[in-house]
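These notes concern the structure reproduced below.
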Amino acid sequence: MDALDALINRVSAPRLIEPAPTAEQRERLFQAALRAPDHGQLRPWRFLTVEGDARHALGELYAEAIASKNPQADEEALTKARNMPLRAPLMVVVIARTQEHPKVPAQEQVLAAGCAAHGILLAAYAQGIGAVWRTGELSYDAVVSAGLGLAANEQVIGYLYLGTPQRELREAPTVNVDEYVSGWTGKA
């Protein structure tokens, strides 16, 4: 697939089924991620893959996080949390790993990790793999962070769900570029 085609036409695929990406496809996904802009070559990211029974364990961790925030959470909310990781055969937890650096602020490092996540999405689309990036309150939850083994300098920036699209992908909407781009001619 042409690189511009992937950049312009990529869409999220929220309904995913087996099979998960192959080992060869995964290698390409992570190769693409590692090409993200990286000032100082800090590689301020890491990735956890979650599949098989580990998805159930992650669901239990999500339910634990919900219950710790709201001990009155009903069974429906806990079941919903348990089922979240089951939406795809493979999840990739994208983690920003910031480091003290005199020229590269933490915010720039988090953005670089976001670019790495986007690289995975683009590589997935280019290979015909369905993918969607999700966040939500559990991305920022201390119980979840501890359960995933995150260090103090790490944060989840998203969960990438990957698999085979359950149905044909929708067409990317046409967006008027002029609504978002303007020239700057000097100080306002």
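Structure summary
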item	result
Evaluation of ALA36 against (1) open to solvent by 60 Å² or more (accessible area, probe 1.4 Å); (2) touching a residue at least 40 places away in the same chain (Cβ under 8 Å); (3) in contact with a helix residue (DSSP H, G or I) (Cβ under 7 Å, 6 or more places away or on another chain) (one fails), failing number	(1)
So ALA65, is it modelled with pLDDT of 95 or more, out of contact with any Phe, Trp or Tyr (no Cβ under 7 Å at 6 or more places or on another chain) and closer than 30 Å to GLU108 by Cα	yes
Residues located in region 126-163, provided they are assigned to a helix (DSSP H, G or I) and open to solvent by 50 Å² or more (accessible area, probe 1.4 Å)	GLU137, TYR140, ALA142, ALA146, GLY147
Scope region 17-26; condition crowded, with 18+ Cβ neighbours inside 10 Å and over 13 Å from TYR125 (Cα atoms); matching residues	ALA20
Boolean, ALA188 is of a type in the set (A, V, I, L, M, F, W, C), open to solvent by 70 Å² or more (accessible area, probe 1.4 Å), out of contact with any Leu (no Cβ under 7 Å at 6 or more places or on another chain) and modelled with pLDDT under 95	yes
Residue within region 74-91 that is among the polar types (S, T, N, Q), surrounded by fewer than 20 Cβ atoms within 10 Å (Cβ to Cβ) and under 21 Å from LEU169 (Cβ atoms) present	no
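The rows are residues; the columns are (1) assigned to a helix (DSSP H, G or I); (2) basic (Lys, Arg); (3) open to solvent by less than 90 Å² (accessible area, probe 1.4 Å).
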| residue | (1), (2), (3) |
| --- | --- |
| MET1 | no, no, no |
| LEU7 | yes, no, no |
| PRO14 | no, no, yes |
| ARG28 | yes, yes, no |
| GLN31 | yes, no, no |
| LEU48 | no, no, yes |
| ARG55 | yes, yes, yes |
| LEU61 | yes, no, yes |
| GLU64 | yes, no, no |
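The values are calculated or read from the model by the stated rules, or taken from the named source; none is laboratory data. What you are looking at is a predicted structure, and each value in this text was computed from that prediction instead of being measured. Counting neighbours? That spans all protein chains shown, and the Cβs are built from the backbone with ideal geometry, glycine included. Areas reflect the complete protein model, heavy atoms only, side chains present, ligands, DNA and RNA absent. Shrake-Rupley method; radii C 1.70, N 1.55, O 1.52, S 1.80 Å.
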